[in-house]
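Colleague: Right, I'll just put the structure down here and ask away after.
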Amino acid sequence: MKINYKIFLLSVIASLTFVGITLTYYFLERETIHIAFVAGKNTPDGKSNIDGIQLYLNMINQEGGINGRKVILDVFDDQNDPALAKQKALEIVEKNQAIAVIGHLYSSCSISGGEIYKENHIPAVTPFSTNVKVTQNNEWYFRTIFDDDLQGHFLAYYVKNVFHKNTASIVHSNDAYGAYLAQVFSQTSSDLGIEVKYQWTFQENDAHKDQTLSKIVEELKAKSTEAGVIFLATHTNEGVYLIKSIKDLGIKNVILGSDAFASNFQKGFKKFQKKQKNPGYYTEGLYVATPLIFDSANKQALDFKEIYQTAYKKELIDWHPAFAYDAAIMLVDAIKKSGISGIKTTLQADRQKLRDYLANDLTRIDNAIKGVAGFNYFDKHGDAQKPISMGIYKSGTIISAPIQFKDIPNFKEVSNLKNVKQDKRILQIGDKYMYKTNVVYTGIRVNEISDVDLAASTYTLDFYLWFRFKDIFDSKNIEFINAIKPIQLDEPIDTIIEEGMNYHLYHVKGHFKKNFMSKYHYYGLHNFGMSFHHRQLPRHNLIYVKDALGMALTKESLTKKLQETEVLSKKYEITQAKLFQDTIVKDSLGNPKYLKVKDATIEYSRFNMDIMVKEDKLSFLSFIPQKSVKMIWFLSTFVAIILLIMSQSAFFQRFFTLIYIFEIISIFFVLLSSETILLNWLMTPYTPASYFETTIMVFNSLWWLIGAILVHIAIIHFLWNPIEKKTGNPIPRLIRRFWFIIIYLLAIFGIIGFVFDRPLTSLLATSGVLAMIIGLAVKMNLSNIFSGLALHLERPFCEGDLVKIGLYNEGIVEDINWRATRIRTRTGFLVTISNSVVAASDISNFSDKKNQDLIIASSIGQYPKNNIPLRGNHNGSPQPIDDGM
């Protein structure tokens, strides 16, 4: 076989180009985009913050970075010290790499470093520092968390309107964070008629700080009966010392902590023996302000929590990593949209573009960048419009407090504003109006999931549902959104009132529809579960939150619980389960209460149980390791190209069988890895299912078509070529085309029947009739061809042999083709006999070696001299028979 040098050369060039591009993509250094992070990195908060940012940057880099450039996080440790923070800020300036800064943790550090960022025009974002001076008079600093002005007002109003207390005392640090927060709380309390009875201050950098704090607690013990609510405006370490001392001295006052008490605060008690015996001993009943509580978080926040815990193999109970993650989301998105070039020579101009985008384009919720902790956009001071939640420690875990204050985006939309303010359902906190909202702790125990019908997208769900709440409401008046038939709850099967909290328990069984959350879902996975909202009470009156304590989910996930209890048939596997709340917006249907609301809609709190289920069946895709899929694709594609080149070379034809086997294996892995990569790329909650279905159909069709191609190649090399070599005649085009049509027709039938899941009965019937018509039309030709094939394989005679076929006169075989055999008779006539007739007739071969003497003897004197019989030889040329005369 001759080499097709053009194909060979093109294959080599294509292969080398492919290898070069791949190696460049994987191994060569490319220009990168740098983001600096500054905080005390050796503290628990610092480490978790780095993890949160790096988690998102890793995802971005795996997807190709920003415009093909990898994003690098440069970490600087300021040890939460203002002087060192300024020094680290100067280091960032000197290195001149970072396009932006995320940090600092402490407000005093952010204020100190902010002067440097402002002077050198470097945009900075803090997800943690709450003091108003961080962004005040600094157009280069932005904040993605609430500020202390709002926090101080919020906590004072909570004391007045929820605790109903008229006396409070304050313990605070003298740094920017503690001093300002105490000042706002004290002033707001006075305005509300709350007497601030006592205030204690300690120096943040005092060498004898522990002794000072102990003395404060001793004084507090002596005055505890008059102190009222105790507000602690300190950082985490000092808070741990104060809480432990207060608990050990038996002080029973209500304690209220700032947002610093909602981070890694609980970890500070691990070394104490009482904490080891009882996880919630020191923190039980402690109220804290926090920007995020996971029991009332949305699905995005819960997804982040699960990704974080899976990536770092540790439990996430702190809000810091989520806000650090959000800061990274916001900066990366802003970098993409601000039109920066991302190269070192334009760094200063890029910083200006990024700052202008943050200040001018992210000023409304319409343009906000959505993160796991809410929407990121800024007011004219660079402050985010993020809400505050009130948490309470129970059994060592922060859960949502029974009463929350929720922002009113536009108080003009509120009907009868004067009346609801008088009822204290709406409070004005600073320049914000807020609803007083009841929290309903909601728990579910699934008993069974049965009657699963994936084709109809239905199943039966049997479960217990309970509510724990403070203020009375009609708990049974709920609407199950994905119920096929409306479910009306009966009276609760159990009711209890304990410590001012109401408990209602219901047993529910109904028929539900799957994939109810959205038109977007992961391909191959099915969303089981249920979703409901209250029929009458909107979200500003009532919020459903997960009852983590009642469901014992503080130490064990819902997924594991459902897997262990085997609530579903073994035909299916539960891969993930979540409980979360979000909102659902419905038309008000002309309700007068909502006529002032934009678009005349009502927003309800929706509670969801989302159980991800997949069929327990074997899939080739499961054999591909996800971490190595790109390398497998590269290697298999490279091997496939090399084998293709080798198959074109005459030198390697002797190894064709081995090459063919390895070609099949390499193509198998190319298809498998390509499908996996593409599906992984599409695998987001926001990709329409139709995209997945189309992708799967394309690859399933490719499996059939490429399989047909490989079978076709195998028939050529392992059937037709040996036959042609043995017979010396080319295979007729009719046979080649016949098998070509059969192979690809079967592949098309396979695609129709197994990929598109269409019945083949009518198609086979139609093709059967067509085949019969074609068969009748070419019946004789096919019969002759297959008979010719049999003659070539059995070889009862060869060209040049003297033969007698059936009733035909004997003669010399001159030609054997796929349709007929031609013989020259002794009278000199050329007789053409159809191969089907030859195959069906008796054949006498007089040229067989065993019959040579018999042929010669029987032929002497029987032929006239002018008509001497010819005896064929095996080289195809007739020779006269020597009669001895």
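Colleague: Pairs, please: C-beta under 6 Å, at least 6 apart or cross-chain, first residue of a type in the set (Phe, Trp, Tyr) and in the range 563-590, second surrounded by 14 or more Cβ atoms within 10 Å (Cβ to Cβ)?
Modeller: Tyr572/Val613; Phe580/Lys299; Phe580/Leu302; Phe580/Asn608
Colleague: Just one of the numbered conditions (1) under 16 Å from Arg606 (Cα atoms); (2) open to solvent by 30 Å² or more (accessible area, probe 1.4 Å); (3) not in a strand (DSSP E or B) is not true of Gln488; which one?
Modeller: Every condition holds for Gln488 apart from (1).
Colleague: Still on this structure, I have one more. Quick check: anything in the range 321-337 more than 30 Å from Val229 (Cβ to Cβ), surrounded by 18 or more Cβ atoms within 10 Å (Cβ to Cβ) and over 27 Å from the mean Cα position of the chain (by Cα)?
Modeller: Checked against the condition, which is being more than 30 Å from Val229 (Cβ to Cβ), surrounded by 18 or more Cβ atoms within 10 Å (Cβ to Cβ) and over 27 Å from the mean Cα position of the chain (by Cα), the range 321-337 yields no hits at all.
Colleague: I need the full set of residues from the range 493-516 which are in contact with a Lys or Arg (Cβ under 8 Å, 6 or more places away or on another chain) and open to solvent by 30 Å² or more (accessible area, probe 1.4 Å), in order please.
Modeller: Residues satisfying the conditions are Gly500, Met501, Tyr503, His504, His511.
Colleague: Looking at Leu553, is it in contact (Cβ under 8 Å) with a residue 60 or more places away in the chain and either more than 25 Å from the chain's Cα centre (by Cα) or open to solvent by less than 60 Å² (accessible area, probe 1.4 Å) (or both)?
Modeller: Answer is no for this residue.
Colleague: Is it fair to say Ala100 is among the hydrophobic types (A, V, I, L, M, F, W, C), part of a strand (DSSP E or B) and over 30 Å from Val288 (Cα atoms)?
Modeller: So Ala100 passes the test.
Colleague: Here is a follow-up. Take residues that are closer than 24 Å to Phe128 by Cβ and tell me which of the helices (runs of 4 or more DSSP H) falling wholly in the range 270-378 contain 3 or more.
Modeller: 299-312, 320-337, 347-360
Colleague: Run down Glu238, Glu204 and say which single residue is crowded, with 20+ Cβ neighbours inside 10 Å, within 21 Å of Ala289 (Cα to Cα) and either of a type in the set (Asp, Glu) or in contact (Cβ under 8 Å) with a residue 60 or more places away in the chain (or both).
Modeller: Glu238
Colleague: In addition: Could you grab me the full set of residues in the range 459-485 that are closer than 16 Å to Ser569 by Cα and open to solvent by 20 Å² or more (accessible area, probe 1.4 Å)?
Modeller: Of everything in the range 459-485, just one residue is closer than 16 Å to Ser569 by Cα and open to solvent by 20 Å² or more (accessible area, probe 1.4 Å), namely Asp462.
Colleague: For residues that are among the hydroxyl-bearing types (Ser, Thr, Tyr) and not in a helix (DSSP H, G or I), scanning just the range 104-157, find the one that is most open to solvent (accessible area, probe 1.4 Å).
Modeller: Tyr106
Colleague: For the range 764-772, indicate whether the set of residues that are in a helix (DSSP H, G or I) and either closer than 30 Å to Arg654 by Cβ or at pLDDT 70 or above (or both) is non-empty.
Modeller: no
Colleague: Still on this model: Scan the range 289-298 and give yes if some residue there is aromatic (Phe, Trp, Tyr) and open to solvent by 50 Å² or more (accessible area, probe 1.4 Å), otherwise no.
Modeller: no
Colleague: Could I ask something else about it? Scan the range 706-758 for residues that are among the polar types (S, T, N, Q) and within 25 Å of Ile661 (Cβ to Cβ) and report the count.
Modeller: Going through the range 706-758 one residue at a time, the tally reaches 1.
Colleague: Go through the range 248-267 and count every residue that is buried (at least 21 other Cβ atoms within 10 Å of the Cβ) and outside any loop (DSSP other than H, G, I, E, B).
Modeller: Total meeting the criteria: 9.
Colleague: Mind telling me which of the residues Ser783, Ser841, Ser787 ends up being open to solvent by 30 Å² or more (accessible area, probe 1.4 Å), under 24 Å from Arg737 (Cβ atoms) and at pLDDT 65 or above?
Modeller: Ser783
Colleague: Inspect the range 89-97 for any residue being touching a strand residue (DSSP E or B) at 6+ places or on another chain (Cβ under 8 Å), open to solvent by 60 Å² or more (accessible area, probe 1.4 Å) and at pLDDT 90 or above and give the result as yes or no.
Modeller: Yes, some residue in the range 89-97 is touching a strand residue (DSSP E or B) at 6+ places or on another chain (Cβ under 8 Å), open to solvent by 60 Å² or more (accessible area, probe 1.4 Å) and at pLDDT 90 or above.
Colleague: Something else: Could you check the range 122-141 and list, in sequence order, the residues that are within 15 Å of Ala179 (Cβ to Cβ) and of a type outside the set (S, T, N, Q)?
Modeller: Val132, Lys133, Val134
Residue by residue, here is whether (1) modelled with pLDDT of 85 or more; (2) open to solvent by less than 50 Å² (accessible area, probe 1.4 Å) holds:
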residue	(1), (2)
Pro688	no, yes
Val698	yes, no
Lys725	no, no
Gly728	no, no
Ile735	no, yes
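Colleague: Another question, then. Of everything in the range 280-307 that's in contact with a helix residue (DSSP H, G or I) (Cβ under 8 Å, 6 or more places away or on another chain) and over 23 Å from Val162 (Cα atoms), which residue is modelled with the lowest pLDDT?
Modeller: Out of the qualifying residues, it is Leu302.
Colleague: Working only within the range 798-821, note down all residues that are assigned to a loop (DSSP other than H, G, I, E, B) and of a type in the set (S, T, N, Q).
Modeller: Answer for the range 798-821, where residues must be assigned to a loop (DSSP other than H, G, I, E, B) and of a type in the set (S, T, N, Q): Asn809, Asn817.
Colleague: Residues in the range 59-69: is at least one open to solvent by 20 Å² or more (accessible area, probe 1.4 Å) and over 28 Å from the mean Cα position of the chain (by Cα)?
Modeller: no
Okay, residues lined up against (1) among the aliphatic types (A, V, I, L, M); (2) in contact (Cβ under 8 Å) with a residue 40 or more places away in the chain:
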site: Leu57; (1), (2): yes, yes
site: Phe76; (1), (2): no, yes
site: Leu84; (1), (2): yes, no
site: Ala89; (1), (2): yes, yes
site: Ile92; (1), (2): yes, yes
site: Asn96; (1), (2): no, yes
site: Leu105; (1), (2): yes, yes
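Residues are listed down the side, and each one gets a yes or a no for (1) of a type in the set (Gly, Ala, Ser); (2) part of a helix (DSSP H, G or I); (3) modelled with pLDDT of 85 or more:
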position: Leu579; (1), (2), (3): no, no, yes
position: Ile602; (1), (2), (3): no, no, yes
position: Val613; (1), (2), (3): no, no, yes
position: Ser622; (1), (2), (3): yes, yes, no
position: Arg654; (1), (2), (3): no, yes, no
position: Phe662; (1), (2), (3): no, yes, yes
position: Ser666; (1), (2), (3): yes, yes, yes
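Colleague: Say whether the condition of being on the phi < 0 side of the Ramachandran plot, part of a loop (DSSP other than H, G, I, E, B), modelled with pLDDT of 80 or more and surrounded by fewer than 22 Cβ atoms within 10 Å (Cβ to Cβ) is met by at least one residue in the range 412-432.
Modeller: Checked against the condition, which is being on the phi < 0 side of the Ramachandran plot, part of a loop (DSSP other than H, G, I, E, B), modelled with pLDDT of 80 or more and surrounded by fewer than 22 Cβ atoms within 10 Å (Cβ to Cβ), the range 412-432 yields no hits at all.
The values are calculated or read from the model by the stated rules, or taken from the named source; none is laboratory data. All values derive from a computational prediction rather than experimental measurement. Note: ideal-geometry Cβ built from the backbone for every residue, glycine included; neighbour counts use all protein chains shown. Heavy atoms of the whole protein, side chains included, go into the accessibility calculation; ligands, DNA and RNA do not. Shrake-Rupley method; radii C 1.70, N 1.55, O 1.52, S 1.80 Å.
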